[in-house]
Amino acid sequence: MRVLLPAVFCAAAMPLAAWEVLSATEIAAIRGDEPMATALAQAVPLPPVREEIPDKTGFRFAKEQLALKRAVIYSTVRAKGERYRVSRDNYLATAELARQHGAPAIYCRYLELLSAETLNRRQEYAVSRAVQYLLQEAYGIDILQIRLIVEICHLPVKDLLAFMQQMPLQGMFDMVSVLPPPSERIASDLLAMAEVMGKASRLFSGVHDIKTADEAAFELLRLLPLWNTTMNTRAYMHEAKVEYSPVEIVALRFLNAQRAQYFKFRQSLVEKDWYGSTRLQTIDSLLR
């Protein structure tokens, strides 16, 4: 080990003084954890492990996470307009946007490396893995959901970007916790879901052309923050075996009644192809 350590850090261009304490991400890389180990082997900057991320309940984390979401949305929408190829200009513009909004510096550095087009394939792979880890594991952003929403929303790039950026991104596109929700939250979440379904049904009932459909879509945007707070409970409900308390059963019955009404109006809109409103169709896909 005494022989290996200097060689490893020399390869990564990270000189280590004898008195320096290794960071958590350096330890993870030496231990072989991915993607830190691959980044170290390819001499690219190491992504921070979770322990090195700011407090997830603090202002700094919320600001950085929001900046990353805006950057991913921008890059994904632009890539769609460029036939799903992320160009050098896309990387550079996304890095600048991310920097302006206060994204972590390491993310901007990764994009700049990818834009330089001087990396070999292994280095490019290492950077891509590091970006994915940073977004999903460290900052809890569901990049796949962003891609799916961008894919189903058939708007011109400029309009799609504006529409996506108008969404209440705090609480949206977050990775779902694998832990069940606190028992005291389930009933209240079921009632919150029922409230959203009820309001959405009333908005659906007033849609009769593309103008009213788009108007309904923007009204529904206001409901998404409340809907987003129930994400963990909604994931929990999809489990094969869920035992509800008597109070939760009453709340669930109320939710099912509101949901049935919602799908009644939704079916009518589907038959009319949403009156051509891809905005309303996109919002509907988020209410699942």
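Any read-out appearing in this document is the output of simple, stated calculations on the displayed coordinates, not a laboratory observation. Given the structure is predicted, the values throughout are model-derived calculations rather than measurements. Neighbour counts run over all protein chains shown; Cβ positions are idealised from the backbone, glycine included.
Here are the numbers:
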item: With at most 15 other Cβ atoms within 10 Å, longest stretch of the chain clear of loop GluC sites (Glu not before Pro) (DSSP); result: 118-238
item: Highest-fluctuation residue, LEU97, LEU119, LEU220 considered, GNM on the chain with Cα pairs under 10 Å; result: LEU119
item: Whole-Å semi-axes of the ellipsoid equivalent to the range 68-221 (Cα gyration tensor, √5λ, descending); result: 33, 22, 12
item: Anchor LYS264: aspartates and glutamates whose Cα lies under 14 Å away (excluding residues fewer than 8 positions away in-chain); result: ASP284
item: Equivalent ellipsoid dimensions for the range 156-197 as semi-axes, Å, which come from the Cα gyration tensor, largest first; result: 30, 14, 7
item: Choice from ARG85, ARG70, ARG266 with maximal GNM fluctuation in the chain (Cα, 10 Å cutoff); result: ARG85
item: 13 Å Cα-Cα reach of LYS158 towards aspartates and glutamates, excluding residues that sit fewer than 8 places from it in its own chain; result: GLU82
item: Anisotropy class of the range 97-145 from Cα gyration tensor, a/c 1.5 cut; result: oblate
item: Karplus-derived HN-Hα couplings along the range 256-268 (A = 6.51, B = -1.76, C = 1.60, θ = phi - 60°), whole Hz, x at Gly and Pro; result: 4, 5, 5, 5, 4, 5, 4, 5, 5, 5, 4, 4, 5
item: Using θ = phi - 60° and Karplus 6.51 cos²θ - 1.76 cosθ + 1.60, couplings along the range 141-156 (whole Hz; Gly, Pro as x); result: 9, 8, 5, 5, 5, 4, 5, 5, 5, 4, 5, 7, 8, 8, 10, x
item: Other-chain or far-sequence residues with amide H under 5 Å of ASP174's (modelled H); result: ASP142
item: Phi to ³J(HN,Hα) by Karplus 6.51 cos²θ - 1.76 cosθ + 1.60 over the range 182-198, Hz, x for Gly, Pro; result: x, 4, 6, 9, 4, 4, 5, 5, 4, 5, 5, 4, 5, 5, 5, 4, x
item: Length-normalised contact order of the chain in % [C-alpha pairs under 8 Å, at least 6 apart]; result: 16
item: Förster-model FRET efficiency, 22 Å R0, VAL242 and ARG60, C-beta, rounded to 0.05; result: 0.05
item: Reference-scaled alpha-carbon Rg (2.2 N^0.38 Å with N residues) for the chain; result: 1.19
item: Set of aspartates and glutamates with alpha-carbon distance to LYS69 below 15 Å, sequence-local pairs under 8 removed; result: GLU96, GLU137, ASP142, ASP174
item: Estimated 222 nm signal from helices in the chain, with DSSP H stretches of n ≥ 4 weighted -39500 (n - 2.57), rounded to 500; result: -20000 deg cm²/dmol
